[in-house]
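Novice: Quick one: the structure is below, questions incoming.
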Amino acid sequence: MQRQVVMDSSPNLDVDSLGEARHRRSAFAQQLKLAALALFLFFITVVVNALVPPLLLNPAWLMRLASVLISNAFLPLIGLALIRLAVVIQPNKKLEDFSQSLARWAVLAAIGFLFLLPLQLWSSWRLIRQDFSSLDKGSPSPEDPLLAMERAIRQAPDANAIQTSLTILRGPAITPQDMARPLPQLKQMLLASLQEARANLRKAKEQDGADPRTWVLFQDVLRFSMASLGFAAAFAGFAQRKGARSSLLNEVISNARFQQVLNRNAAQKNKLSSKRRRSSSRR
């Protein structure tokens, strides 16, 4: 009789264990979704902060925007990967629809990172022509980063605001010892260091015949260009057009291979037709 009871209760234990495992997978999938939403929200906040105030025709602002996008593009990529993982762990229609919606947005992200390439080239060309040429005249241009740092230092109400502004403008870091100085003394010390940096730039320009910031800009453009292509391919791997069965990256690769096959067949046909013409002309 006891054996019969044990045998009858074993299926219930299996059902309970399966239900508990399903509940754990569902809870973990929800945690992955929440983590992905947090990453998306943080990325949007950073980008919106970089967009304000909008200066669409300012090349320095455009370069700064490109830098913010590329520096934080890994956040939505991780979010997309987490959502895909959540769908695999606990598939349900609501989560799959959300993943498909993100795949549509990933198409725009991939195209946007491709458009960053000409945007960076135009911005760098404008900076070289407008901003760096000011050293020849011995006066700073309105888009001079040193001038922007100087303005931020003069307008800052406290030491923390100065440090925040210098971090955004990619300026020097302030040591804890200098942060403890009185605010007027700290400002005077930082302004003196900026004047010294400007004098060194002008001296390097006169000696070498080239602005050292130009090479820094070229390095940034090269790094941003490679990163833009990489992130465009990464987002294309997650992107999917409406009605498509594969990702946008797979579509591009398939179309490229198909075009390559067509070109190869056309080349072979041209060779055969040329051989036939030669043989007919000899006859």
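The values are calculated or read from the model by the stated rules, or taken from the named source; none is laboratory data. No experiment lies behind these values; they were computed from the predicted model shown. So basically every Cβ, Gly included, is an ideal-geometry build from the backbone, and we count neighbours across all protein chains shown.
Novice: Scan 254, 280, 274 and give me the residue that is exposed (fewer than 10 other Cβ atoms within 10 Å of the Cβ) and either at pLDDT below 65 or farther than 19 Å from residue 104 by Cα (or both). First the steps, then the outcome.
Specialist: Numbers: 254 fails: exposed (fewer than 10 other Cβ atoms within 10 Å of the Cβ); 274 fails: exposed (fewer than 10 other Cβ atoms within 10 Å of the Cβ).
Criteria check complete, one pass: 280.
Novice: Right, another one. Where residues in segment 206-219 are surrounded by 18 or more Cβ atoms within 10 Å (Cβ to Cβ) and part of a helix (DSSP H, G or I), which of them is modelled with the highest pLDDT? Outline the logic, then answer.
Specialist: Step one: filter segment 206-219 for residues surrounded by 18 or more Cβ atoms within 10 Å (Cβ to Cβ), giving 211, 213, 217.
If we keep only those that are part of a helix (DSSP H, G or I) too, we end up with 213, 217.
On the way: 213: 57, 217: 64.
Across segment 206-219, the extreme among qualifying residues is 217.
Novice: Can you tell which of 76, 91 is outside any helix (DSSP H, G or I) and not aliphatic (A, V, I, L, M)? Spell out how you get there, then give the answer.
Specialist: Numbers: 76 fails: outside any helix (DSSP H, G or I).
Sole residue among the options that is outside any helix (DSSP H, G or I) and not aliphatic (A, V, I, L, M): 91.
Novice: Continuing with this model, one more query. Taking only pairs six or more apart or across chains, which ones have beta-carbon atoms under 8 Å, a first residue in segment 223-240 that is more than 13 Å from residue 69 (Cβ to Cβ), and a second residue that is part of a helix (DSSP H, G or I) and hydroxyl-bearing (Ser, Thr, Tyr)?
Specialist: Once the first residue is more than 13 Å from residue 69 (Cβ to Cβ) and sits in segment 223-240, no partner that is part of a helix (DSSP H, G or I) and hydroxyl-bearing (Ser, Thr, Tyr) comes close enough.
Novice: Of the residues 229, 249, 262, which single one is at pLDDT 65 or above, surrounded by fewer than 17 Cβ atoms within 10 Å (Cβ to Cβ) and of a type outside the set (Lys, Arg)? If you could, list the steps in order and put the result at the bottom.
Specialist: Values: 249 fails: surrounded by fewer than 17 Cβ atoms within 10 Å (Cβ to Cβ); 262 fails: at pLDDT 65 or above.
Result: 229 is the single residue among 229, 249, 262 that is at pLDDT 65 or above, surrounded by fewer than 17 Cβ atoms within 10 Å (Cβ to Cβ) and of a type outside the set (Lys, Arg).
Novice: Within the set of pairs 6+ apart or on separate chains, which have a first residue in segment 67-89 that is more than 30 Å from residue 222 (Cβ to Cβ), a second that is in a helix (DSSP H, G or I) and of a type in the set (S, T, N, Q), and C-beta atoms under 7 Å apart?
Specialist: From segment 67-89, the pairs are 83/99; 84/99; 87/99.
Novice: Continuing with the same structure: Restricting the first residue to segment 30-49 and requiring it to be under 15 Å from residue 68 (Cα atoms), which pairs with a second residue that is outside any helix (DSSP H, G or I) and not hydroxyl-bearing (Ser, Thr, Tyr) meet a Cβ separation below 9 Å and a spacing of at least six or different chains?
Specialist: Pairs found: 43/73.
Novice: Could you say which residue among 69, 114, 55, 41 is part of a helix (DSSP H, G or I) and over 14 Å from the mean Cα position of the chain (by Cα)? Write out each step before concluding.
Specialist: Values: 69 fails: over 14 Å from the mean Cα position of the chain (by Cα); 114 fails: over 14 Å from the mean Cα position of the chain (by Cα); 55 fails: part of a helix (DSSP H, G or I).
Step by step, each of 69, 114, 55, 41 is checked, and only 41 is part of a helix (DSSP H, G or I) and over 14 Å from the mean Cα position of the chain (by Cα).
Novice: Restricting attention to segment 73-88, report how many residues are within 25 Å of residue 119 (Cα to Cα) and buried (at least 17 other Cβ atoms within 10 Å of the Cβ).
Specialist: We begin by selecting, within segment 73-88, every residue within 25 Å of residue 119 (Cα to Cα); these are 73-77.
Right, trim to buried (at least 17 other Cβ atoms within 10 Å of the Cβ) and you get 73, 75-77.
Adding up the residues that qualify gives 4.
Novice: Name the residue that is nearest to the chain's Cα centre (by Cα), counting only residues in segment 152-171 that are surrounded by 13 or more Cβ atoms within 10 Å (Cβ to Cβ) and over 24 Å from residue 47 (Cβ atoms).
Specialist: 162
Novice: Run residue 192 past the list (1) more than 25 Å from the chain's Cα centre (by Cα); (2) under 20 Å from residue 62 (Cβ atoms); (3) at pLDDT 80 or above and report the number of the one that doesn't hold.
Specialist: (2)
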